[in-house]
1. Quick check: anything in region A:70-87 surrounded by fewer than 18 Cβ atoms within 10 Å (Cβ to Cβ), within 14 Å of chain B (Cβ to nearest Cβ) and part of a loop (DSSP other than H, G, I, E, B)?
2. Which numbered condition trips up A:Ser45, out of (1) in a loop (DSSP other than H, G, I, E, B); (2) closer than 30 Å to B:Arg110 by Cβ?
3. Would you say A:Glu94 is within 12 Å of another protein chain (Cβ to nearest Cβ) and under 14 Å from the mean Cα position of the chain (by Cα)?
4. Which condition does A:Ser50 not pass, out of (1) surrounded by fewer than 16 Cβ atoms within 10 Å (Cβ to Cβ); (2) in contact with a strand residue (DSSP E or B) (Cβ under 9 Å, 6 or more places away or on another chain); (3) under 21 Å from B:Gln101 (Cα atoms); (4) more than 9 Å from every other protein chain (Cβ to nearest Cβ), if it passes all the others?
5. For region B:1-56: of the residues being of a type in the set (Gly, Ala, Ser) and out of contact with any His (no Cβ under 8 Å at 6 or more places or on another chain), which is nearest to the other protein chains (Cβ to nearest Cβ)?
6. Being under 24 Å from B:Ser112 (Cβ atoms) and surrounded by fewer than 20 Cβ atoms within 10 Å (Cβ to Cβ) is true for just one of B:Ala81, B:Ala92. Which residue is that?
7. On the given criteria, is A:Ser51 among the hydroxyl-bearing types (Ser, Thr, Tyr) and modelled with pLDDT of 95 or more?
8. If only one of A:Leu49, A:Leu11, A:Leu32 is closer than 26 Å to B:Ile4 by Cα, in contact (Cβ under 8 Å) with a residue 24 or more places away in the chain and not aromatic (Phe, Trp, Tyr), which one is it?
Amino acid sequence: KNEVEQSPQNLTAQEGEFITINCSYSVGISALHWLQQHPGGGIVSLFMLSSGKKKHGRLIATINIQEKHSSLHITASHPRDSAVYICAANFGNEKLTFGTGTRLTIIP
Amino acid sequence: DGGITQSPKYLFRKEGQNVTLSCEQNLNHDAMYWYRQDPGQGLRLIYYSQIVNDFQKGDIAEGYSVSREKKESFPLTVTSAQKNPTAFYLCASGFRPGLNQPQHFGDGTRLSIL
């Protein structure tokens, strides 16, 4: 069965802290996506990766194919990073399977 | 700027009523998708369309219907057969179905029952 699990469900941190959100999946995938959902509900695609590591500003996404695991890191976290972060996977087709999300709150 | 527009932002449905959620994109994407989001659950696929005049059921299609008469538009109708329609609905689009491509999402429509 194609499954995606995220941890933690909720994460609260102080401004400036280094943040890590984890995602694991059940079987081989063709691509792994990280998405950000704003408080209003709109979703933005942050990364799509199938191997290695990608970086955009203070955000870094990594994936370990052998361990079926991906992480999203945020350096020097800021209150504006507060959002729900969602991991999603392509299990060999165009459809995405989504994790339940990690609600991140950064306290000033 | 290109993007996906969903309307309305909030929608209320009376018992026995059908309601239609609008989704328009000007990104020239071939594929379009409708997802439902419930608290504590991941997004679930309702319907998707890979080309005009063609669409397929997703994982939770019962009680919903769609059409794809134009490339830019993919409206979703929540019928009276959907007994638990209260949820947040998201529309998405992407290039070239069948390949790994990022999906672009709208801002969503929140549907509630009166």
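1. No, the conditions are met nowhere in region A:70-87.
2. Going through the list (1) in a loop (DSSP other than H, G, I, E, B); (2) closer than 30 Å to B:Arg110 by Cβ, A:Ser45 breaks only (1).
3. Details: within 12 Å of another protein chain (Cβ to nearest Cβ): yes; under 14 Å from the mean Cα position of the chain (by Cα): no.
Considered against the rule, which asks whether it is within 12 Å of another protein chain (Cβ to nearest Cβ) and under 14 Å from the mean Cα position of the chain (by Cα), A:Glu94 comes out as no.
4. If we test A:Ser50 against (1) surrounded by fewer than 16 Cβ atoms within 10 Å (Cβ to Cβ); (2) in contact with a strand residue (DSSP E or B) (Cβ under 9 Å, 6 or more places away or on another chain); (3) under 21 Å from B:Gln101 (Cα atoms); (4) more than 9 Å from every other protein chain (Cβ to nearest Cβ), just (4) comes out false.
5. Residues of region B:1-56 that are of a type in the set (Gly, Ala, Ser), as a first pass: B:2-3, B:7, B:16, B:22, B:31, B:40, B:42, B:49.
Right, trim to out of contact with any His (no Cβ under 8 Å at 6 or more places or on another chain) and you get B:2, B:7, B:16, B:22, B:31, B:40, B:42, B:49.
Numbers: B:Gly2: 14, B:Ser7: 13, B:Gly16: 27, B:Ser22: 16, B:Ala31: 7, B:Gly40: 6, B:Gly42: 3, B:Ser49: 11 Å.
Among those residues, the one meeting the criterion is B:Gly42.
6. Details: B:Ala92 fails: surrounded by fewer than 20 Cβ atoms within 10 Å (Cβ to Cβ).
Exactly one residue qualifies, and that residue is B:Ala81.
7. Values: among the hydroxyl-bearing types (Ser, Thr, Tyr): yes; modelled with pLDDT of 95 or more: no.
Taking the combined requirement at face value, the residue does not satisfy it.
8. Among A:Leu49, A:Leu11, A:Leu32, only A:Leu32 is closer than 26 Å to B:Ile4 by Cα, in contact (Cβ under 8 Å) with a residue 24 or more places away in the chain and not aromatic (Phe, Trp, Tyr).
The values are calculated or read from the model by the stated rules, or taken from the named source; none is laboratory data. Note that this is a predicted model, so its numbers are computed, not measured. Here Cβ is always computed from backbone atoms with ideal geometry, including for glycine, and neighbour counts include all displayed protein chains.
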